[in-house]
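The structure under discussion appears below in the form of structure tokens.
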Amino acid sequence: MGSEKGSSLIETLVALALLGLIAATFLGALSTAPKARFIADEQASARILAESQMENAKQQDYSLSYAATPIPDEYAGYSAVLDVDPMRNGNIQRITVTIKHHDRDITTLESYKTNR
């Protein structure tokens, strides 16, 4: 056999197909990164708000219900729901804080409070 010059049409098409597959995978990863960052930011913000709401409820006098503190302006679109579940003859409460963002549950934090 003699030496081959250049590449055949099939080799060129296979190389272009592989290059296209790699490019599509790379572009798909680039489009996923901003969404992942948004979700991580949303969850971190919700966790901060939930911890703040829980601390506020624990600092209030023992009661059958607790009002959620106002959400700061930098957390627009977030809301907090506090649920109180009395336990053990009313001396222990399970407090559940649910943080929502645009009416979608983001995180839930649960803790207990005793009547001392």
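Residues in the range 53-65 that are hydrophobic (A, V, I, L, M, F, W, C) and surrounded by 12 or more Cβ atoms within 10 Å (Cβ to Cβ): M54, A57.
Quick check, is A24 among the aliphatic types (A, V, I, L, M), assigned to a helix (DSSP H, G or I) and within 28 Å of T114 (Cβ to Cβ)? Judged against the criteria, A24 is not a match. The listed residues are A50, A68, and the only one of them that is surrounded by 14 or more Cβ atoms within 10 Å (Cβ to Cβ), of a type in the set (A, V, I, L, M), at pLDDT below 95 and within 26 Å of R116 (Cα to Cα) turns out to be A68.
The values are calculated or read from the model by the stated rules, or taken from the named source; none is laboratory data. In this text, all values refer to a predicted model and were calculated from it rather than measured experimentally. In this analysis, Cβ positions are derived from the backbone assuming ideal geometry, glycine residues included, and neighbour counts consider all displayed protein chains.
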